[in-house]
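J.: After the structure tokens below, expect a handful of questions from me.
Here, each number is a calculation from the coordinates, and none is a lab measurement. Worth saying up front: this structure is predicted, and the values here are computed from it rather than measured. Note: ideal-geometry Cβ built from the backbone for every residue, glycine included; neighbour counts use all protein chains shown.
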């Protein structure tokens, strides 16, 4: 099983390299955004889809990762390499996730949603309170460190193009996506994943089978928080700023809607959802402007279409876009024979 | 399967290699976004979300003026195309839409990007990409006090520190016995304003209350000001918080004198917010504000006979979108006027570097709607240098002082009416 996921990851790496090489700078920047949404959505889909815990607070966990990254990248000559910074950001979010997870393990359904909602509302207030260190309302600027010479030279040698900072971030983000998704896929196929599903499907049966409910839930929450933290760190690098207004409740709800749109519990679905979050508003706004709408009307069109798409997906493909595609594919005989 | 992948990877790598040495490029100046007959600029504004009321009108004002200029032949024969992108006042979105503006739309310059937090997410990117970042719609000092670090960024409106200084100086001279309370937004806006005020009336301040934007309960802050016996409150806050502070004071029976900075004092917007927040209980919001003190740096809709307002009214009725001319639209129109001046100054063959150099060279002498001159030089990219103190009655402002002009730090405050008498040129387009 693990080997198959590794192969998919290698194929993915090649695909990413080709796509990023062909994409113009703006699309590259969009792919960088898609990467951080995908990582956070991947973590959330595992938590909600596999373990059945509903979190409305993943935006706040992303904020933890983003602020950690920002704090570590305040000086222009940063002492730590970027990968280490991202790992520290992930670790910091894991700590917060563990604390929340322990509390969350005792709750379920609407109570858990309520507790994580409180997290989403409270966390953006922390930088306002500690405005001295955390920059308050206007946030902390993030300095993306210089691209290491060997990376720049290697990239130039391979592609014949200067590695721009935007493309560097996109590569970094997609490397993160591939690593995280491979790990998540393996985890979900392993005993841990089976335990999580058992807890989700029937708590009593799971307990009878000797599963420690609390431990399974905390572990799922921590894994999910780690993804949110990494996603948040990458977001801070792409946005070049960590500010409270970037991590409002809206972000948490958007992530959840992306996961539901893509297909709960499916990593492909998380990718699809992240793509929708990244590309849909810009495409719809552009379309609106081409149709002669005013700027304000075109801007208002984006949330409207996003809502309509959500309603349509829930009505027509209750298993999400990825699930819907699988079902369509399942109609073909060769596919059925494969089973 | 694995072998296939490996081979594929090797083929890909091989096909891309061998690019040779890095080519050198030395361009005299960038002309991205400029063609023979057009010039494309853009800006990020909150068109949706909580910050949209009021602020979303600024780009419509800018656009109306560009359409007016275009209808009259453009600048050096080029028509100005203004691309507006919505960021919902969220810095993450600001980064995304700025990427779109710079990398996809390939704008020549950013003009009037709005908001301290949203814009600080993109200011380094714009400077790295050498995109002129002109006339940021925010009074934070960071747009202009260090042009060495941000050579392409220029402020426009008076910064919050000089506004604080002018307000503090006026209070010291005219209300020397007042017990002053400060009502501050807890960010650069409040901090810079406080710094300016304290320079003159540090000993008169009896209480400082700070609110964080987004928290709509300001009762504790107002109660603290009341308990300290403040009889003159200086507010460095946004329009919503002007309305909120008025409503809470009404409830608490707190009746000090009010002096709001220009950011939060638009009587029309505050009046409509008052009736909305009080759910109709306050209907004559504009009258509630009678006697309010504030400052003014461009003529607004309360002065319909001002020659600039006559021009704006004409431009808006010919080229404006739906709705009436408001002070936010006047702000956009005035900003657009400054951009057209800068573009004229950059000559018939503008480049990105060229327009920056032109503003540093000629910006001090741009004659426009602002009552005080700009401070643009190679050493300062800060905008309008002063304002006059105004008392509002029945929604109409009356000047209490001549134009007061100053700069950061201990620069003195002087009277300078020279720019206030500037009239729009015939035809309404700067030469």
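J.: Taking every DSSP beta bridge with both residues inside the protein assembly as shown, roughly what % is antiparallel (nearest 5)?
T.: Once the DSSP bridges in the protein assembly as shown are tallied, antiparallel ones form about 35 percent.
J.: What value, in deg cm²/dmol to 500, does the helix sum -39500 (n - 2.57) over DSSP H runs of n ≥ 4 give at 222 nm once divided by the residues of chain B?
T.: Computed ellipticity for chain B at 222 nm equals -11500 deg cm²/dmol.
J.: By what distance, in whole Å, do the Cα atoms of the protein assembly as shown stretch along each of the three principal axes, largest value first?
T.: That works out to 85, 64, 49 Å along the principal axes.
J.: Three principal axis extents, largest first, for the C-alpha atoms of segment A:1-97, in Å?
T.: 42, 34, 27
J.: Let me ask something additional. Once you put a point 7 Å from the Cα of residue A:102 and another 7 Å from the Cα of residue B:148, both along the Cβ direction, what distance in nm separates them?
T.: Between residue A:102 and residue B:148, the simple spin-label model gives 5.0 nm.
J.: Now a separate question. Once fully extended, how much extra length lies between residue A:215 and residue A:279, figured as 0.36 nm per residue of separation less the alpha-carbon to alpha-carbon distance?
T.: 19.3 nm
J.: Let me ask something else. How large are Rg and Dmax for chain B when only the alpha carbon atoms are used, in Å?
T.: Calculated on Cα positions, Rg and Dmax stand at 23.6, 86 Å.
J.: Based on the Cβ-Cβ distance from residue A:122 to residue B:50, what FRET efficiency comes out when R0 is 25 Å, to the nearest 0.05?
T.: 0.85
J.: Now for a different question. Show me the three semi-axes of the equivalent ellipsoid for segment A:155-279, from the C-alpha gyration tensor (sqrt of 5 times each eigenvalue), largest first, rounded to whole Å.
T.: For segment A:155-279, the ellipsoid semi-axes come out as 33, 18, 13 Å.
J.: Another question, then. For chain A, what is the convex hull volume of the alpha-carbon atoms per residue, in Å³?
T.: Dividing the Cα hull volume of chain A by its residue count gives 165 Å³.
J.: While we're here: Distance in nm between label sites at residue B:290 and residue B:399, each 7 Å beyond Cα in the beta-carbon direction?
T.: Spacing of the two 7 Å Cα→Cβ label points: 2.5 nm.
J.: Now a separate question. In nm, give the distance between the simple-model label positions of residue A:149 and residue A:294, each being 7 Å from the Cα along the Cα-to-Cβ direction.
T.: With each label placed 7 Å out from Cα toward Cβ, I get 5.6 nm.
J.: Sticking with this one: Need the full-extension length gain, residue B:317 to residue B:421, defined as separation in residues times 0.36 nm minus the C-alpha distance. One decimal, nm.
T.: 35.0 nm
J.: Sticking with this structure for a sec: Given C-alpha coordinates of segment A:1-53, what is the ratio Rg to Rh with the Kirkwood estimate of Rh?
T.: On the Cα set of segment A:1-53, Rg over Rh gives 1.10.
J.: What whole-number value in cubic angstrom gives the convex hull volume per residue for the C-alpha atoms of segment B:325-371?
T.: Measuring per residue, one finds 78 Å³ for the Cα hull of segment B:325-371.
J.: Tell me, B:83, A:180 in order of fewest to most beta-carbon neighbours within 10 Å?
T.: So the ranking, lowest neighbour count to highest, is B:83, A:180.
J.: What number does segment B:161-296 give for Rg over Rh if you use C-alpha atoms and the Kirkwood radius?
T.: Looking at segment B:161-296, the ratio lands at 0.94.
J.: When A:308, A:222, A:8 are ordered from fewest to most other Cβ atoms inside 10 Å of their Cβ, what list results?
T.: Lowest to highest Cβ neighbour count: A:308, A:8, A:222.
J.: Extension gain residue A:157-residue A:204, at 0.36 nm per residue separation less the Cα-Cα distance, in nm?
T.: Taking 0.36 nm per residue and subtracting the Cα distance, the gain is 11.1 nm.
J.: Something else now. I need the calculated FRET efficiency for the pair residue A:91 and residue A:22, taking r as the beta carbon distance and R₀ as 56 Å, to the nearest 0.05.
T.: Working from the Cβ atoms, E equals 0.95.
J.: OK, next. Of the DSSP beta bridges with both residues in chain B, give the percent that are antiparallel, rounding to the nearest 5.
T.: Around 35 percent antiparallel, to the nearest 5.
J.: For segment B:156-212, report the % of Cα-Cα distances exceeding 14 Å.
T.: Within segment B:156-212, distances greater than 14 Å cover 50 percent of Cα pairs.
J.: In addition: What does the helix-only formula give at 222 nm for chain A: each DSSP H stretch with n ≥ 4 adding -39500 (n - 2.57), the total divided by the residues, and the result rounded to the nearest 500 deg cm²/dmol?
T.: Calculated mean residue ellipticity at 222 nm is -25000 deg cm²/dmol.
J.: How long is segment B:253-373 along each principal axis, judged by its Cα atoms, biggest number first, in Å?
T.: The Cα atoms of segment B:253-373 stretch 60, 33, 26 Å along their principal axes.
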